[in-house]
1. Once you list every other residue whose beta carbon is under 9 Å from the beta carbon of MET34, what net charge do they have if Lys and Arg are +1 and Asp and Glu are -1?
2. Which log10 I(q)/I(0) values, to two decimals, does the chain give at q = 0.16 Å⁻¹ under the Debye formula with one point per Cα?
3. What is the set of long-range amide H partners of VAL98 at a cut-off below 5 Å, with H atoms built 1.01 Å from backbone N?
4. Net charge within 15 Å of TRP104 by Cβ-Cβ distance, Lys/Arg positive one each and Asp/Glu negative one each, not counting TRP104 itself?
5. Got a sec? What order do GLU6, GLU88 fall in by accessible area at 1.4 Å, biggest, i.e. largest, first?
6. Can you list the HN-Hα couplings for the stretch 59-66, worked out from phi with the Karplus curve (6.51, -1.76, 1.60; θ = phi - 60°), rounded to whole Hz and with x for Gly and Pro?
7. List the residues, sorted by chain then number, that are 5 or more residues from THR90 or on another chain and whose placed amide H is less than 5 Å from its amide H.
8. Which FRET efficiency value, to the nearest 0.05, do you get for GLU46 and ALA74 by plugging their Cβ-Cβ distance into 1/(1 + (r/R0)^6) with R0 = 41 Å?
Amino acid sequence: QVQLVESGGGLVQPGGSLRLSCAASGSIFSINVMAWSRQAPGKQRELVAAITRGGNTSYLDSVKGRFTISRDNAKNTVYLQMNSLKPEDTAIYYCHTVGPLASWGQGTQVTVSS
């Protein structure tokens, strides 16, 4: 299993942008699906975006057109570009692999507030 470390979270005003990064301790080339999920206080965790090894992506309906997931296999890094942020995007964002022995990062806080 790879170790995952997220970074890039913070406080941003509504309408602003953030880019989250997820650095893996080992190669992600052979990992089929990498994903970002989030959990807001008092709410269930939800899958935000996923990307396959071949570059196919999928998104939560509420973030389509605003968020973009990407992966750089050479750098063993997965990104989540978040634009037009809304207060309801406030949550802890987690990077993880998808599968029976999934690895999860420790999470990074994203707060959207004026």
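1. +2
2. Relative scattering, expressed as log10 I(q)/I(0), comes to -0.66.
3. Those qualifying (amide H under 5 Å, at least 5 residues apart or on another chain) are VAL33.
4. Summing Lys/Arg as +1 and Asp/Glu as -1 gives 0.
5. Reading off the accessible areas and sorting them downward yields GLU88, GLU6.
6. Listing the rounded values in order: 9, 4, 3, 6, 10, 4, x, 10 Hz.
7. So THR90 has HN proximity to VAL112.
8. 0.90
The values are calculated or read from the model by the stated rules, or taken from the named source; none is laboratory data. On a predicted model such as this, the values are computed, not experimentally measured, just so you know. Heads up, the Cβs are rebuilt from the backbone with ideal geometry, glycines too, and the neighbour counts pull from every protein chain shown. The area values use the complete protein model at the heavy-atom level, side chains included, leaving out ligands, DNA and RNA. Shrake-Rupley method; radii C 1.70, N 1.55, O 1.52, S 1.80 Å.
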